[in-house]
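First the structure, in the form of structure tokens, and then the observations on it.
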Amino acid sequence: MDKPHLLPGAKRPEDTFLATASHEIRTPLNGILGTVSLLLETELEPSQREYAEAIRLSGSRLLDLLNNVLDYARLDSSEIELETEAFCPVRLGREVVELLSPRAHAAGLDIAARASDLPMPSYSGDAGRIRQILFNLVGNALKFTETGAVLLDIHAHEDGLEYRIIDTGPGIAPGDRDRLFEAFRQNSRQDAYKDGGVGLGLAIVKRLTDLLGGSIDVTGAPGLGTCFSVRLPLKRANLPPTHDLPVLDAVVGLAGLPAATCLAATSALIDASARPVFIDVSSGHVPPEVEVLLIGAEQPEETVRALARKAPSLVVLRPEDRGAIARFKAMGCAGWLVRPLRASSLVERVYVVKTGGMPADEPERLTGAGRVLIADDNPVNAMIARRALESAGFTVTVASTGIEALEAAKSMNPALILMDLRMPEMDGFEAMRHLRAEGSDVPMIAVSAEVNPDIERQAIAAGANDVVAKPIEPQALRELAIHWTGADAKAGKAGAA
């Protein structure tokens, strides 16, 4: 039977259902995950923490399952329109790695992004769909890797772009590779139990890769890990190659870091015009030109003390080592970083240790300050966001409709607005358009239970500076607010005005 003809601009019934289902399911799920994250930041008995972690793990698995089912249904029911925009492949890759860093932390894994050539050229293509491909592939690698690391390798080619996702997981037998990209299929019953999903993530990746005219290849062997390689035929953008990070003129020594952390640090330092030098910890020799050292926390105490005497040092900790910060400072370390390393944090901390001050374009943003307006009609989600931001030093006002948000924005002069896109009386899209039409240049972050490339484009067109998906971890929300209320917000304001 032929599909009924739709008038231009009309929504398919399937699309309306998917949007509604996505919002109605994700919104209470956001309340569950957000509340348990706040709970885990409080003092808990060991058994209470174990129960709360179980809730968070179960909720996260449910969210992954929901995302895959809805994404697959959307791809199956809709005509996908591809967009073309200029984007930086390194920045896009780092965004994916940073989004998935909490998941890597929780699993005790290292995660890193590495570019083959820096600075790397920009490309033209559908960045939203490419981000979705990478998110699924890196997330899949984290799911099946128990020890070691996941690396996102970025390669520029004359005729396009290649992303490789390399893990130290169990590997895939050659006979299983042909079935990997079939919907509702997993390699084994054991994988299904471990995954907790239904086998849709890689089917979505294959569908999106085909839509972009690309190809995907899998290599590896049981016990030797896996490499997924996505090759996309993209044209280079008419933008000059740019560094993704502020310029950092320094020689930085890398001492006793895990392999994935070394790769991440090397890539970020080169991108920031710094020169990494590998230090042989067994000899203890540090070249005199080294200005800052990065030392792995796993090194013996006497090694850390000896290295810290030779150059100002930052210790690189595992997430579970945060309680040992005072001990490492007593050994002579000037500061610390937690892995997986964030490129921007690495560059900022190295600059601080080297100069004793902050870069002119990277002011200190360790705590929040200023007024934040939260527009959200769900009282639980609004409470989670308010508590998270107030604990970081922000003053928060909550509005439950778009109209209330407009009135509050005029009276309180906020430094930042978090705008839910689906609200009664006036939705977030219309509220943002009104504020921009009235000349407001306040940073606005669109928040939605349904985020896909189409929603992102609509939100940016309405005036949003950024778009984030529910649920968002309290700590990630704090970092987002601190980022947009700092000097970095100046560049974003101009883009949305």
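Identify, please: which residue in region 407-429 is small (Gly, Ala, Ser) and touching a residue at least 40 places away in the same chain (Cβ under 8 Å) and is, among those, farthest from Glu479 (Cα to Cα)?
Taking region 407-429 and keeping what is small (Gly, Ala, Ser), we get 408-409, 411, 415, 428.
This time we only want the ones that are touching a residue at least 40 places away in the same chain (Cβ under 8 Å), so: 415, 428.
Values: Ala415: 14, Gly428: 22 Å.
Selected residue: Gly428.
Residues are listed down the side, and each one gets a yes or a no for (1) touching a His at 6+ places or on another chain (Cβ under 9 Å); (2) modelled with pLDDT of 95 or more; (3) over 26 Å from Ile165 (Cα atoms):
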residue	(1), (2), (3)
Pro222	no, no, no
Leu239	no, no, yes
Leu245	no, no, no
Asp249	no, no, yes
Ala260	no, no, no
Asp271	yes, no, no
Gly284	no, no, yes
Ile295	no, yes, yes
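Please enumerate the residues belonging to region 291-320 that are in a helix (DSSP H, G or I) and either touching a strand residue (DSSP E or B) at 6+ places or on another chain (Cβ under 8 Å) or farther than 17 Å from Ile111 by Cα (or both).
Passing the criteria: Glu301, Glu302, Thr303, Val304, Arg305, Ala306, Leu307, Ala308, Arg309, Lys310, Pro319.
If I ask for residues that are acidic (Asp, Glu) and within 16 Å of Ala265 (Cβ to Cβ), which ones from region 297-349 would you list?
Glu298, Glu348
Working only within region 139-168, note down all residues that are in contact with a Lys or Arg (Cβ under 9 Å, 6 or more places away or on another chain) and crowded, with 22+ Cβ neighbours inside 10 Å.
If the condition is that a residue be in contact with a Lys or Arg (Cβ under 9 Å, 6 or more places away or on another chain) and crowded, with 22+ Cβ neighbours inside 10 Å, then Leu151, Leu152, Ile154, Leu161, Tyr163 are the ones that fit.
Would you call Val396 surrounded by 18 or more Cβ atoms within 10 Å (Cβ to Cβ), in contact (Cβ under 8 Å) with a residue 12 or more places away in the chain, more than 30 Å from Leu40 (Cα to Cα) and β-branched (Val, Ile, Thr)?
no
Tell me, which residue of region 383-393 that is touching a residue at least 60 places away in the same chain (Cβ under 8 Å) and surrounded by fewer than 18 Cβ atoms within 10 Å (Cβ to Cβ) is nearest to Pro28 (Cα to Cα)?
Here the residue is Arg387.
Here is a check on your reading of the model: is Ile403 in contact with an Asp or Glu (Cβ under 8 Å, 6 or more places away or on another chain), part of a helix (DSSP H, G or I), among the β-branched types (Val, Ile, Thr) and not assigned by TED's automatic domain parsing to the domain that holds Phe135? Steps first, answer last, please.
Values: in contact with an Asp or Glu (Cβ under 8 Å, 6 or more places away or on another chain): yes; part of a helix (DSSP H, G or I): yes; among the β-branched types (Val, Ile, Thr): yes; not assigned by TED's automatic domain parsing to the domain that holds Phe135: yes.
When the stated conditions are applied, Ile403 passes them.
Sort through Pro287, Pro276 and tell me the only one that's assigned to a strand (DSSP E or B) and more than 23 Å from Arg327 (Cα to Cα).
Step by step, each of Pro287, Pro276 is checked, and only Pro276 is assigned to a strand (DSSP E or B) and more than 23 Å from Arg327 (Cα to Cα).
Of all residues being surrounded by fewer than 22 Cβ atoms within 10 Å (Cβ to Cβ) and among the small types (Gly, Ala, Ser) in region 464-484, which is nearest to Leu29 (Cα to Cα)? Just the residue, please.
Per the stated criteria, the residue is Ala469.
Taking interchain pairs and intrachain pairs at least six residues apart, which have beta carbon atoms under 8 angstrom, with the first residue in region 48-77 and touching a residue at least 24 places away in the same chain (Cβ under 8 Å) and the second among the hydroxyl-bearing types (Ser, Thr, Tyr) and crowded, with 19+ Cβ neighbours inside 10 Å?
Leu66/Ser22; Leu70/Ser22
Looking only at region 76-105, which residues are farther than 23 Å from Ile472 by Cβ, buried (at least 17 other Cβ atoms within 10 Å of the Cβ) and either aliphatic (A, V, I, L, M) or at pLDDT below 75 (or both)?
Here is the first cut: in region 76-105, the ones farther than 23 Å from Ile472 by Cβ are 76-86, 88-90.
With the extra rule that they be buried (at least 17 other Cβ atoms within 10 Å of the Cβ), the set shrinks to 88-90.
Matches in region 76-105: Val90 only.
Where in region 64-162 are there strands (runs of 3 or more DSSP E), lying wholly inside it, with at least 1 residues that are farther than 22 Å from Arg339 by Cα?
Output list reads 85-87, 123-125, 149-157.
Those residues that are without any contact (Cβ under 8 Å) to a residue 60 or more places away in the chain and assigned to a loop (DSSP other than H, G, I, E, B), I need them from region 245-272; list them, please.
Across region 245-272, the qualifying residues are Val247, Asp249, Gly256, Leu257.
Only one of these conditions is not met by Asn67: (1) within 23 Å of Ala149 (Cα to Cα); (2) within 19 Å of the chain's Cα centre (by Cα). Which number is it?
Answer for Asn67: the failing condition is (1).
Read through the list (1) of a type outside the set (Lys, Arg); (2) part of a loop (DSSP other than H, G, I, E, B); (3) under 21 Å from the mean Cα position of the chain (by Cα); (4) modelled with pLDDT of 65 or more, then give the number of the only condition that Leu389 fails.
Every condition holds for Leu389 apart from (2).
I'd like the residue in region 427-466 that is at pLDDT below 90 and among the aliphatic types (A, V, I, L, M) and, out of all such residues, is nearest to the chain's Cα centre (by Cα).
Checked region 427-466; the qualifying residue nearest to the chain's Cα centre (by Cα) is Val451.
The values are calculated or read from the model by the stated rules, or taken from the named source; none is laboratory data. Remember, predicted model here, so these are calculated numbers, not experimental data. Backbone-built Cβ (ideal geometry, glycine too); neighbour counts: all protein chains shown.
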